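The values are calculated or read from the model by the stated rules, or taken from the named source; none is laboratory data. Everything numeric here is computed off the predicted structure, so don't read it as measured data. Virtual Cβ from ideal backbone geometry, glycine too; neighbours counted across all protein chains shown. Just so you know, the surface numbers come from the protein's heavy atoms only, side chains and all, with ligands and any DNA or RNA stripped out. Shrake-Rupley method; radii C 1.70, N 1.55, O 1.52, S 1.80 Å.
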Amino acid sequence: QVQLVESGGGSVQPGGSLRLSCAASGIIFPSNYDMGWYRQAPGKQRELVARITSGGTTYYGDSVKGRFTISRENAKRMVYLQMNSLKPEDTAVYYCNAHRKTDTWGQGTQVTVSS
């Protein structure tokens with residue numbers, strides 16, 4: 001029943017910024033869910049980028065600490081990922097995730113960082 005739709009991906013130069021958005025539907029009580037952003041680059045495993053718990057605690061993958069910020073607005077059923085100081089190695093498909101007892105995934109949005 002829960003559905004996630006990502007937006008905001010695109011192509012940027014190294015050092016640039018993007019903000020990804022994830023719109024959730026089918027969630028009556030968003031405070032019951034942990035939310036996260038994951039990414040998968042060609043030839044690599046899907047990895048955790050950032051997550052924010054139902055209580056608002058945030059966690060980040062080592063490669064993005066200090067550059068990315070995850071946030072949520074429960075009343076709007078929205079989750080965001082602000083990405084600054086982007087590097088070519090950030091190039092990947094980024095997926096939104098919602099977790100309660102099961103996981104729901106968005107369709108993904110492409111982020112490309114190149115000169």
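Structure notes:
- Partners of Lys44 within straight-line reach, counting lysines whose Cα lies under 17 Å from its Cα and excluding those fewer than 8 residues away in the same chain: Lys87.
- Local electrostatic count, Gln107, Cβ distance below 15 Å [Lys/Arg +1, Asp/Glu -1]: 0
- Whole-Å semi-axes of the chain's equivalent ellipsoid (Cα gyration tensor): 23, 14, 13
- The modelled label-to-label distance between Lys87 and Gln110, using points 7 Å beyond Cα along the C-beta direction, is 2.3 nm.
- Percent of C-alpha pairs per 5 Å bin, the range 37-78, short to long: 5, 21, 26, 22, 15, 8, 3, 0
- Fraction of accessible area attributable to carbon and sulfur, the chain (%, probe 1.4 Å): 46
- Full-extension gain in nm, Ala41 to Val2, via 0.36 nm per residue minus C-alpha separation: 11.5 nm
- Each label point was placed 7 Å from the Cα along the Cα-to-Cβ direction; for Lys76 and Asp62 their separation is 3.4 nm.
- Centre separation in Å (Cα based) which lies between the range 44-72 and the range 1-30: 13
- Accessible surface of Met35, taken over heavy atoms with a 1.4 Å probe and every protein chain present, rounds to 10 Å².
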